[in-house]
Each structure stands twice: as structure tokens, then as C-alpha cells.
Amino acid sequence: MALTIQDLNARYGAPGRIVFRAGFGGYPEVVLTNQYGSAEVALLGANVLSYKPTGHAPVIFRPAKRDYNRGESIHGGIPVCFPQFGKLAIPGMAQHGFARVMPFEVRGTQYSEEMTEVTLGLKATDETRKIWPFDFDLEIKVSVSMKLNLTMTTTNRDRSAFEFTGGFHPYFRVKERDGVEVAGLDGCSYVYAVDMTDHVQSGNLAMNTSTDHVFSLPPAAKHEFALIDRGLRRAIAMVSSGNSTAIVWNPGPEGKIADFESDDWNKFVCVEPVTAWPKATHSLAPGENHQLLVAIQSVLDDAEGAAQA
């Protein structure tokens, strides 16, 4: 039986630090707060809906639509993509998989002077097995410290190996798209997903046109990127591990996205860490697990950047 908001607050809440409240489609969301900032996380899809470091403008973009029903994909925030990113890895499955449209259970919360954290989980059910015939466990951990930290742990509970792709899909809020560059991809090969042509990035990626670039990352324990926003006078730094791919996306004015206003394309840039895609998947043997970790930090050029929205 699903826990009520009162039950969740009694079992997992902490006054002033961890609060559950009504959210999308009748499912709760949880607010994490401490001296470093705050984040909102929907239990529907384990989507991080907002992240605002103390003294900074909001880091995450959300469209005007604020409510979604069970089974509807939440646009904006940081959607969870599993068991596939995009729509090429597992034939016949919906784009970005099913995790982002399903309710997660609360597995635990904790806090200290330096961090506030919630752990959410999704297990295989009769419903998921009709879509993807494997037993799995997907755990999403979100914590607010000096950074926003996200961990996706995928565990194979099946008797057979399975192939999957998993990723986070952050919509980073920007002043204006054309005033943004993405650093950290110089020399990386990429596929332009619109026509599947191959290219190599030279220097920073200027976000002055519609972009759907799938970058293959060099072998490394961790990968570092920065979204440089001249309009807000800040950089959004991101460090990831467990991913061999990063996607940079903005649909431009010609892109028609459900739930978006006509000018919303100009308010975000997505930089998305993904295990492997589109030409590869990640294999897990029975009992094995895989972790995808992401840390996000807002860095201001000066005090003026803190006041801008």
C-alpha cells in the first residue's frame, strides 16, 4: 500500500530539511533543503524538478505546465531515462524508456550538517515485464550539498544477462541559448542525431543553432563539462562517471515540444550523461550492478550573476 504524505513525513521527513508534499498526478514530491540550497524531486519518475543553490538563480528549467498524470512524461527538470535512452537501443520501446513515467518508492532519507539526501527505487513488476521482460532494480539517489549529486544504480535481478542504456536528461536554465557555450568536448567525435552523420568537435560547442549531438567520450574515470552562460554570468559545472556518452541538445525555434511555450527553447540547454548510446548498450550479468554518477555545481562570475533569473 502506498504511503500517504503524512506517513512519508512521519517516517522519512525532517522538519526544515526534508518535507513531502502533494505533487504530480496525486503522487508526492520531496523538498530537500540545507544551507547550500534546495531541490524538489517528484516521486513520479524520480524527476528532479528544481535545484537552487543559496544565492544563485535556479539551475534547472521547467516549462509552464506544472501537473502531469500517471504515465505522462514530465518535460523539464532532470528526467530519468531507463532502460533505454532515446529510441534506438531497444526496438519497440518508447523513447527514453518507462522509468520516467512510473512512481518510485521512498527507500530512505538522511541528512547531516553538509548534505540532505533522498533515495528512491523502482523494481520490476508485471507491468514493466510486459514492456521489458527482465527483473531489475533501479535506485536513484539525490543529495544537496555544495553540489547537486545524482546517482543511478542499475542492478540485474534476473537469471539472464540484459542490455540497457541509462541516463539523466538535465534541462539547464539559461538566460538565452545563443549566449551559451559547452566546454569539455574538444576533440570528441559525435553523431548529429538528426541525420546520423559523424563529426569531430573543435573547441567549445557554441549553442547558436538547433543541436542534437551525441558525443563519444574518451575512456576516463570521470568526465568534466561546463555550460558557460554569458547572460547569467555563471558556469554550470558537471562531473560524471559511469557514462561513455554525453548528449547536448536544444531543439531551436523549429522544435515543437509538448508542454513548452513557443519561446521555451531559448531558456534551456541540455547536457545529458548516458551510459552508452546510440551504437552501443551496457550489458549486465545476473547479480551485477552499474552506477552512473553526476555532480552539478553553479559557479558565478560575480555577485551580479546571483541576482539574475
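So the values come out like this:
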| item | result |
| --- | --- |
| Positive dipole terminus of the chain, leading residue within 226, 104, 140 (C-beta point charges) | 104 |
| Kirkwood estimate for the chain, i.e. one over the average of 1/r between Cα atoms, Å | 19.7 Å |
| Hz values of 3J(HN,Hα) by residue in the stretch 85-97 - Karplus curve (6.51, -1.76, 1.60), Gly and Pro given as x | 9, x, 9, 9, 6, 10, x, x, 8, 4, 4, 6, x |
| Estimated [θ] at 222 nm from DSSP helical runs (n ≥ 4, -39500 (n - 2.57)) normalised by residues in the chain, nearest 500 | -1500 deg cm²/dmol |
| Average accessible surface area per residue within the stretch 1-76, 1.4 Å rolling probe, Å² | 44 Å² |
| Gain upon complete extension [residue 126, residue 22; 0.36 nm per residue less C-alpha separation] | 34.8 nm |
| Values of log10 I(q)/I(0), in the order q = 0.16, 0.22 Å⁻¹, for the stretch 193-309 under a Debye, Cα-only, solvent-free model | -0.93, -1.37 |
| Given charges at beta-carbon only (K, R positive; D, E negative), |dipole| of the chain in Debye | 520 debye |
| Lys/Arg +1, Asp/Glu -1 at C-beta; the chain dipole; positive extreme among 214, 82, 269 | 82 |
| Which listed pairs, of 130/222; 123/267; 123/256; 175/222, have C-alpha distances above 31 Å, in listed order | 130/222; 123/267; 123/256 |
| Spin-label model distance (nm) - residue 146 vs residue 159, 7 Å beyond Cα toward Cβ | 5.0 nm |
| Semi-axis lengths, Å, the stretch 96-184, gyration tensor of Cα atoms, sqrt of 5 times eigenvalues | 29, 20, 12 |
| Taking the chain and dividing mean pair separation by its residue count, relative contact order in percent (alpha carbons under 8 Å, at least six apart) | 17 percent |
| Convex hull volume per residue for the stretch 1-63, taking Cα atoms only, in Å³ | 86 Å³ |
| Distance from the stretch 38-64 to the stretch 86-117 (C-alpha centre basis), Å | 15 Å |
| The stretch 1-130 - share of DSSP beta bridges that are antiparallel (%, nearest 5) | 95 percent |
| Amide H partners (placed H, <5 Å) of residue 211, local residues excluded | 250, 252 |
| Unit charges on C-beta of K, R, D, E only; dipole of the stretch 194-309, Debye | 320 debye |
| Sulfur and carbon atoms: percent of accessible area, the chain [1.4 Å] | 50 percent |
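The values are calculated or read from the model by the stated rules, or taken from the named source; none is laboratory data. Small disclaimer: the values here were computed from a predicted structure and weren't measured. Cβ coordinates were reconstructed from backbone atoms using ideal geometry, including for glycine residues, and neighbour counts include every protein chain displayed. Surface accessibility is based on the protein's heavy atoms, side chains included, excluding ligands, DNA and RNA. Shrake-Rupley method; radii C 1.70, N 1.55, O 1.52, S 1.80 Å.
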